[in-house]
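Down below is the structure, laid out as structure tokens.
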Amino acid sequence: MKTLIQDPVVRAQGIKKFFDELCIGYGGSADCRCVVGPEPFFVNQFDHDRLVAQGKLFAQWFFITHQLCLRAYHDPSFRWFAEIIEGDVNVDAVALHRRAYAENIVTLPVLARADMVDLGTTVEVQVPGSGWGYMTAIYNTVNSHSVFPGPFRGMGEAIKAVTGSIQSPSAYILYNDPFFREVEYFCGWCQKEGIPLKMYFKEVPKPQEVRFVRRPPLEDLVSYQGASDLIEAHFRGDLAIEPNLSLLYDQKIAAAFPFDPRIKDEYTDEIRGLFPETYLIQDEITPSFDGRRFNWQDIIGLSRKQRQFIVKFAGAKKGMRAGGKAIYNLSDCNLQQAEQIINQALADWRVHRKPWLIQRRVKKKFDVTFLDPASQEIVTRPYYAMFRPMYLFPRNGDEPSIIDHCALFRCEWKVHGSSDAVNLPVEIYS
């Protein structure tokens, strides 16, 4: 694909103007609060095909983890695994999660976004992932030229996979105020495409009005008036709730399971290869990085240069699970800070059942070209990346596919949707 306008500055300024005029910035900001470039970030066909092939491994990872969760509610000796899943989630959400497993109605997700710090190296999997409006805006800068169907068409395919028809009346339940405009924008685009997806803000639709519901986190869902009727309709099979009613899908903990010494043999080396080494921070866990075993004091005592680990909150609690919050780079910390972070994470699990992860840091930068906001010139810089391929997992036996791919880039190691992040669509070299 070639740049649509020869002058890259004009092209990038046009994209920025397009984003700003959508008025979908975080928290109702007047502009898009991001940095843009004149063209997509291009990957080669080999790397793209490798990411597509990883979809099958993600599906296997979901399936194995789901089976372990089923076992946890039938095998008393495996109860410790259920405790990890339930963490410090409130009793109503836990009760719903347990019931879903007791009645064996939990299905694997039809949509999931892999957050990759390098192509093929996933640090988190978001089910089904947020930012659909932002993804749509980014996609619309390439649209008919893209190799991907895009977020709105992808959502339509997900609805069709679950209900049998792309035209099934559907609901997107939004729980967080700052994303009101961008989700409204996304639902509007779905409707333009003939996909009847309607946004519900901190409320739920009447069960008889919908066949597909994109749910918020379980703790939020169970708090809404009328949610019990919606949930009962789901248990009867009258409508689908996506993702299903499992707390697994509201957390980041599952990335650690392929490495956990207690269950690692359940997973293949190929599945482990999806992630950097990742471990729950618990007293009973002895992590191993690059073939070396550590205790927690060993990690604290390493030099900054050696302490190349990310520590992040991995549970379902609002305010800590998203937006780059509660995540630390131990190589940025002095000895006292590193000790405080590790000891607090250990205590959080021991006392409050709040789960934290430690993950080997992947130090990789990519040359990214963008419009410098200050100089209004096109520049190229080596930035850290967060690639975000969105996977569709069909239920008719078809192979998983990537419906959309965008990426964020920052000069800082913590790459998230901040105002200094470069937002680009990802496309394939022609």
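Read-outs: derived from the displayed coordinates by stated rules, not from any lab. Predicted model, so just to flag it, every value in this text is computed and none were measured. Please note: Cβ atoms are built from the backbone with ideal geometry, for glycine as well, and neighbour counts cover all protein chains shown.
Rounded if a/c is under 1.5, else prolate if a/b is larger than b/c, else oblate: which is region 318-430, with a ≥ b ≥ c the root eigenvalues of its Cα gyration tensor? Don't skip to the answer; put the middle values down first.
On the way: a/c = 2.60, a/b = 1.29, b/c = 2.02.
Because a/c hits 1.5 or more and a/b fails to exceed b/c, region 318-430 counts as oblate.
Evaluate 2.2 N^0.38 Å with N set to the residue count of region 228-285, then give the Cα radius of gyration divided by it.
Details: Rg = 16.2 Å, N = 58, 2.2 N^0.38 = 10.3 Å.
Scaled against compact globular proteins, the figure is 1.57.
What number comes out for the charge environment of Gly28, summing +1 per Lys or Arg and -1 per Asp or Glu over other residues with Cβ under 15 Å away? Before the final figure, lay out each step's value.
Numbers: positive: Arg33, Arg181; negative: Asp20, Glu21, Asp31, Asp177, Glu182, Glu184.
For residues surrounding Gly28, the net value is -4.
Would you report the distance distribution of C-alpha pairs in region 376-430 as whole percents per 5 angstrom bin, up to the bin with the largest distance?
4, 17, 19, 19, 15, 11, 7, 5, 2, 1
For Lys363, give me every one of the lysines with a C-alpha distance below 16 angstrom, ignoring sequence neighbours fewer than eight places off in its own chain.
Those lysines meeting the cut-off are Lys305, Lys414.
Among residues other than Thr286 whose Cβ falls under 14 Å from its Cβ, what is the net charge (Lys/Arg +1, Asp/Glu -1)? Before the final figure, lay out the partial values.
Working: positive: Arg262, Lys264, Arg292, Arg293; negative: Asp260, Glu277, Asp283, Glu284, Asp298.
That sum, taken over residues with Cβ under 14 Å, equals -1.
Starting from the 7 Å offset along Cα-to-Cβ, what nm value, one decimal, do you get for the label separation of Asp229 and Gln13?
A separation of 5.4 nm, rounded to one decimal place.
Tell me, rounded to the nearest percent, the portion of alpha carbon pairs in the chain spaced more than 34 Å apart.
Values: 28523 of 92235 pairs.
Above the 34 Å cut-off, the chain has 31 percent of its Cα pairs.
Sorted by mean Cβ packing within 10 Å, highest first, what order do the peptides 159-165, 376-382, 304-310 take? Spell out each step's value before the answer.
Numbers: 159-165: 18.3, 376-382: 12.1, 304-310: 16.3.
Peptide ranking by packing, descending: 159-165, 304-310, 376-382.
Reachable lysines from Lys198, Cα under 30 Å, same-chain residues fewer than 8 places away excluded?
Cross-link targets: Lys16, Lys17, Lys160, Lys206, Lys252, Lys317, Lys318, Lys325.
Top mean-square fluctuation among Glu266, Glu39, Glu184, Gaussian network model of the chain, C-alpha springs under 10 Å?
Looking only at Glu266, Glu39, Glu184, the largest GNM fluctuation is found for Glu266.
When His74, His405 are ordered from fewest to most other Cβ atoms inside 10 Å of their Cβ, what list results? Intermediate values should be presented prior to the final figure.
Values: His74 9, His405 29.
Ascending number of Cβ neighbours within 10 Å: His74, His405.
Run the simple label-point estimate for Lys206 and Ser419 please: 7 Å along Cα→C-beta, distance reported in nm.
4.4 nm
Nearest 20 debye, what's the magnitude of the dipole of the chain about its Cα centre given +1 on Lys and Arg Cβ and -1 on Asp and Glu Cβ?
Values: 50 positive and 52 negative charges, 88 e Å.
The calculated dipole for the chain is roughly 420 debye.
Relative to the present Cα-Cα distance, how much length would full extension add between Asp47 and Ser144 at 0.36 nm per residue of separation? Write out the running numbers ahead of the final one.
Values: separation 97, 0.36 × 97 = 34.92 nm, distance 2.20 nm.
Between Asp47 and Ser144, full extension yields an extra 32.7 nm.
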